[in-house]
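The values are calculated or read from the model by the stated rules, or taken from the named source; none is laboratory data. In this text, all values refer to a predicted model and were calculated from it rather than measured experimentally. Counting neighbours? That spans all protein chains shown, and the Cβs are built from the backbone with ideal geometry, glycine included. These area figures cover heavy atoms from the full protein model, side chains too; ligands, DNA and RNA do not enter into them. Shrake-Rupley method; radii C 1.70, N 1.55, O 1.52, S 1.80 Å.
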Amino acid sequence: MRVVVTGATGNIGTSTVRALAADPGVTAVTGLARRAPGSAATPDGSGGSGGSGGKVEWAEADVTDTDLVPLLRGADAVVHLAWLFQPTHRPAVTWDANAVGSARVFDAAARAGVPALVYSSSVGAYSPGPKDRAVDESWPTHGWPGAAYSREKAYVERLLDAFEASHPDRRVVRIRPGFVFERQSAAEQRRLFAGPLLPGRLVRPGLVPAVPDLPGLRLQALHAADAGEAFRLAVTGGVSGDARGAFNIAAEPVLDAAELAGILGARTVRVPVRGVRAALAAAWALHLVPASPGLFDLALRVPLMDVARARDELGWTPRRTARQAIEEFLEGLRTGAGRDTPPLSPGTGGPGRAREFATGIGRKP
């Protein structure tokens, strides 16, 4: 198989490329990204050139304006992972990259005759749901209107509905992950969601005195390597060889205030949601943090997901617990861990995080 992966240099993208490259049935992987990675980013050490006889090659491509059809022609599957979280203060930019960009990828896949399309949706595509029981993939995917991320994920779900109706001969898979973490994602996720003011080295057991106990704070997470494995299985067709449709993926246990406090050796403190949201909204408006209050609202509303279908039909079982994924991420925060790709590199924000301040927190992609 030849597989093309968009957004191949990001958190899930790097793990997906590695999982595909390790599969003996996959003969070639083409990673598409706006900026090529360094040589240490790929399983064969090939970086941007592909290397002599290596499985992985790279092409610089922006889903918003690159002619994607020649890049996708001849592929057996396309994995669409490209996504912008920032700038939250300029939602037209993220809409163009995420909604319009996804439409361009799907159209290019159709015109190039690619038989399988695998898309990274999200728990954030779901409508608000229960926190005391898990829902399956039939739960509505209308998103939460207050968060641009959720609106865009829900919109792309509708694009895929139309794609499937127009191309019944194509195999379409939607992977809906929980929150995805690993050690090497720490620099990127700190930059995207917390900003330069977070003292990562101080986020360690014994130094964080308390974790806020917020009503609705019950989330599911998984390790990026396990996410990459789910996308590999989706590409190769899962148990039957013809897996299609939506699949929830997440690891146990569910993360709540008590679980997070246990990881950090802290106590829990009950705090009102309204006060925390007001503080976050003020910090975001002042460009002190990049994450919008809409993302905070979304996190408190997403449902818990049942992952039985991924286990039964993809043959997917996470090798790491959600707690292990968080512990790795926190260790990465303390050490400034990353990968040799522009999104994941600790140096992307500039020395001393100066570039994050200079370009406006939450204003740049």
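Considering only D226, D169, D23, the mean-square fluctuation computed in a Gaussian network model of the chain, springs between alpha carbons under 10 angstrom, is largest for D169.
Can you give the net charge of the other residues whose Cβ lies under 9 Å from the Cβ of V254, counting K and R as +1 and D and E as -1?
Working: positive: K131, R218; negative: E252, D256, E259.
After counting each charged neighbour, the total is -1.
Taking packing as the residue-averaged number of other Cβ atoms within 10 angstrom, the listed peptides 295-302, 10-17 run from highest to lowest as 10-17, 295-302.
So what's the net charge close to W139: Lys and Arg +1, Asp and Glu -1, counting the other residues with Cβ under 10 Å from its Cβ? Mind dumping the intermediate values first?
Details: positive: R176; negative: D136, E137, D306.
Combined, the nearby Lys, Arg, Asp and Glu give -2.
Separation of region 162-185 from region 233-285 is 18 Å, based on Cα centroids. Cα gyration tensor of region 84-128, axes a ≥ b ≥ c as square roots of the eigenvalues: rounded (a/c below 1.5), prolate (a/b > b/c) or oblate? Because a/c hits 1.5 or more and a/b fails to exceed b/c, region 84-128 counts as oblate.
Could you order peptides 90-97, 333-340 by the average number of other Cβ atoms within 10 Å of their residues, highest first?
Values: 90-97: 16.5, 333-340: 18.2.
Highest-to-lowest ranking by the protection proxy: 333-340, 90-97.
Can you give the log10 of the normalised intensity I(q)/I(0) at q = 0.19, 0.24, 0.30 Å⁻¹, computed with Debye over equal Cα scatterers of region 138-177? For the requested q values the scattering log ratios are -0.60, -0.85, -1.07. For the listed peptides 124-136, 176-188, a ranking on the average number of other beta carbons within 10 Å per residue, highest first, reads 176-188, 124-136. With q set to 0.09, 0.10, 0.12 Å⁻¹, the log10 of I(q)/I(0) for the chain, from the Debye formula over equal scatterers at the Cα positions, is -0.47, -0.59, -0.87. Here the accessible area of region 217-299 is 61 percent carbon and sulfur, with a 1.4 angstrom probe and all protein chains present. As I understand it, the value is the acute angle between the Cα axis of helix 273-285 and the longest principal axis of the Cα atoms of the chain; what does it come to in degrees, rounded to 10? Result, in degrees: 70. Surface composition of region 30-185: carbon plus sulfur atoms contribute 52% of the solvent-accessible area (1.4 Å probe, protein chains only, all chains present). Taking the three principal axes of the alpha carbon atoms in region 205-275, the coordinate ranges are 49, 27, 16 Å, sorted in descending order. Mind pulling the angle between the C-alpha long axis of helix 322-335 and the longest principal axis of the chain? Nearest 10 degrees, somewhere in 0 to 90. In the chain, helix 322-335 runs at an angle near 80 degrees to the longest axis.
Using the Cβ-Cβ distance between T335 and W95 with R0 set to 41 Å, the FRET efficiency from 1/(1 + (r/R0)^6) comes to roughly 0.70. The angle between the Cα long axis of helix 101-112 and the longest principal axis of the Cα atoms of the chain comes to about 20 degrees, rounded to the nearest 10.
For A246, list long-range residues whose amide hydrogen, built 1.01 Å from N in the peptide plane, is under 5 Å from its own amide hydrogen. Residues meeting the amide H criterion: R174.
Just so you know, the Cα atoms of region 243-319 work out to an Rg and Dmax of 17.1, 47 Å. For the chain, adding -39500 (n - 2.57) for each run of n ≥ 4 DSSP H residues and dividing by the number of residues yields -9500 deg cm²/dmol at 222 nm. Applying D = kT/(6 pi eta Rh) to region 57-188, where Rh is the Kirkwood radius over alpha-carbon pairs, T corresponds to 25 °C and eta to 0.890 mPa s, the Stokes-Einstein value obtained is 155 µm²/s.
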